[in-house]
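Step one of this worksheet: look at the structure below.
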Amino acid sequence: MALLIGALATGAAGCEDTTSGSPATGSSTTATQALFNPCTGIPDEALRAAGVDPATEEAGIAGVHQSGWEICNWDGPRYFITIFSTGRTVAEFEKKPGNVDFQDVTVAGRQGRQFRVEGASKYLDCDVLFPATQGVVQLKVLNRAGMDGLEDPCAVLQRVGRSIVPALPH
């Protein structure tokens, strides 16, 4: 569990301060438009189809709400899924030091921007940003460390995305 919390904190930290050292300002759309809540917005059947247990749902980072974000994660036997919802833009994520290997991808028929976060878990996780009216919805897959025969997390994300991405807002 400590690894999960550390990895999730790394993921959120990889997203939080996306304006090169200062918090985002002047983002009136975030204040006026409610963020998508993945804990209530992703159906249990989509989570089960993605290989995670809906009963393991945890909001925030280690249960703590993060200002300007709606975050929810679920556990599976071989990986974790986290969905981040924010008013930030894809461009802000691309400017954040530590976010690397950006490339355009299509997941479940929807265009997104795949990236990884530098650090110890770089090859255990994969993230895709989906632009939305509210800003961005981010889907993250994190493999369980220490297991044999782990799949490429970006391949897992493609498979998981078939059931999850249709539930995400546009």
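The values are calculated or read from the model by the stated rules, or taken from the named source; none is laboratory data. Computed from a predicted model, the values in this text were never measured in an experiment. Neighbour counts are summed over all protein chains in view; Cβ atoms, including those assigned to glycine, are modelled from backbone coordinates with ideal geometry.
Miscellaneous remarks
- In the range 36-46, of all residues being under 12 Å from Thr82 (Cβ atoms) and in contact with a helix residue (DSSP H, G or I) (Cβ under 9 Å, 6 or more places away or on another chain), the one that is surrounded by the most Cβ atoms within 10 Å (Cβ to Cβ) corresponds to Pro38.
- Qualifying positions in the range 47-58 - over 15 Å from Ala167 (Cα atoms) and either surrounded by fewer than 17 Cβ atoms within 10 Å (Cβ to Cβ) or of a type in the set (Asp, Glu) (or both): Asp53, Ala55, Thr56, Glu57, Glu58
Residues checked against (1) among the β-branched types (Val, Ile, Thr); (2) crowded, with 17+ Cβ neighbours inside 10 Å; (3) within 14 Å of Ala50 (Cβ to Cβ):
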site: Phe84; (1), (2), (3): no, yes, no
site: Glu94; (1), (2), (3): no, no, no
site: Asp101; (1), (2), (3): no, no, no
site: Val107; (1), (2), (3): yes, yes, yes
site: Phe115; (1), (2), (3): no, yes, no
site: Leu150; (1), (2), (3): no, no, no
site: His170; (1), (2), (3): no, no, no
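- Only one entry of Ala145, Ala120, Ala155 meets the criterion of being among the aliphatic types (A, V, I, L, M), outside any loop (DSSP other than H, G, I, E, B), surrounded by fewer than 18 Cβ atoms within 10 Å (Cβ to Cβ) and on the phi < 0 side of the Ramachandran plot, and that entry is Ala155.
- Near pairs, Cβ below 9 angstrom, 6+ apart or cross-chain, from the range 61-74 (in contact (Cβ under 8 Å) with a residue 12 or more places away in the chain and surrounded by 11 or more Cβ atoms within 10 Å (Cβ to Cβ)) to any residue that is among the acidic types (Asp, Glu) and assigned to a loop (DSSP other than H, G, I, E, B): Cys72/Glu57; Asn73/Glu57; Trp74/Asp53; Trp74/Glu57
Quick grid of which residues meet (1) under 15 Å from Gly161 (Cβ atoms); (2) under 13 Å from the mean Cα position of the chain (by Cα); (3) at pLDDT 95 or above; (4) part of a strand (DSSP E or B):
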{"residue": "Cys72", "(1), (2), (3), (4)": "no, yes, yes, yes"}
{"residue": "Pro97", "(1), (2), (3), (4)": "no, no, yes, no"}
{"residue": "Thr106", "(1), (2), (3), (4)": "yes, no, yes, yes"}
{"residue": "Arg113", "(1), (2), (3), (4)": "yes, yes, yes, yes"}
{"residue": "Leu129", "(1), (2), (3), (4)": "yes, yes, yes, yes"}
{"residue": "Leu139", "(1), (2), (3), (4)": "yes, yes, yes, yes"}
{"residue": "Gly149", "(1), (2), (3), (4)": "no, no, no, no"}
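- Single unsatisfied condition, Ile83 versus (1) out of contact with any strand residue (DSSP E or B) (no Cβ under 7 Å at 6 or more places or on another chain); (2) modelled with pLDDT of 95 or more: (1)
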